[in-house]
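The values are calculated or read from the model by the stated rules, or taken from the named source; none is laboratory data. Here the structure is a predicted model, which means the values were calculated and not measured. Cβ: placed from backbone, ideal geometry, glycine included. Neighbour counts: every protein chain shown.
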Amino acid sequence: MKRREFLRGIVYGAAAVAVMPAYMKGAWSTESFTSEGFDVAIRRALGGAMIIDSDAVTVTAPEVATNSSVVPLEVSADMEVDQMFLFVEKNSTPLVYRLDLKAGMLPWFSIRVKMRESSAVHAIVRSGGIYYRKIVTVEVTSQAC
């Protein structure tokens, strides 16, 4: 393959992605990720649905985070889920993670989040149309946000 053909292919590919219709790029809820507070963010993300506290959702987090720029969190569930959310209650943008899965998956994910201050972390999963939640508290010793 010649250099010009390669570059032409790159340009055509980039142009095709740029003009791709929005419905083909996937749904993105800007509103949910730019809310005015925790209560508003959870209402926008879940639509006001009832949430049940459950031990079937597991959150592994440090009790004390010395670096609030990279707080490691792990979330898993002992049930088949189709949607997962992670909220940090006192962050300026409380919804920090959303994942839509194929129905029937047993989820596990690990993520590092930035936390503004010590806060409750809410892991919420949806299984069979019902939302289940686990809350843990992480104490932050040095602020990053």
Inset, instruction - Hey, can you tell me all the residues within the stretch 64-106 that are among the aliphatic types (A, V, I, L, M), at pLDDT 90 or above and not in a loop (DSSP other than H, G, I, E, B)? - result: Val64, Val71, Leu73, Val75, Ala77, Val81, Met84, Leu86, Val88, Leu95, Val96
Legend entry - Residues of the stretch 95-126 satisfying the condition of being surrounded by fewer than 20 Cβ atoms within 10 Å (Cβ to Cβ) and among the polar types (S, T, N, Q): Ser110, Ser118
Legend entry - Pick from the stretch 107-145, criterion among the aliphatic types (A, V, I, L, M) and touching an Asp or Glu at 6+ places or on another chain (Cβ under 6 Å), ranking: farthest from Ala41 (Cα to Cα): Val140
Inset, instruction - Could you give me the residue pairs with C-beta distances under 8 Å whose first residue belongs to the stretch 100-118 and is within 28 Å of Val64 (Cα to Cα), whose second residue is loosely packed, with under 13 Cβ neighbours inside 10 Å and of a type in the set (S, T, N, Q) wherever it lies, and which are 6+ apart or on separate chains? - result: Arg116/Ser92; Arg116/Gln143; Glu117/Gln143; Ser118/Thr137
Legend entry - Selection from the stretch 46-55 of residues that are out of contact with any Phe, Trp or Tyr (no Cβ under 6 Å at 6 or more places or on another chain) and part of a loop (DSSP other than H, G, I, E, B): Gly47, Gly48, Met50, Asp55
Legend entry - Any chance Arg43 is of a type in the set (D, E, K, R) and in a helix (DSSP H, G or I): yes
Legend entry - Odd one out for Arg116 among (1) closer than 21 Å to Ile52 by Cβ; (2) in a loop (DSSP other than H, G, I, E, B): (1)
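Could you check the stretch 53-75 and list, in sequence order, the residues that are of a type in the set (A, V, I, L, M, F, W, C) and within 19 Å of the chain's Cα centre (by Cα)?
Hits for the stretch 53-75 are Ala56, Val57, Val59, Ala61, Val70, Val71, Leu73, Val75.
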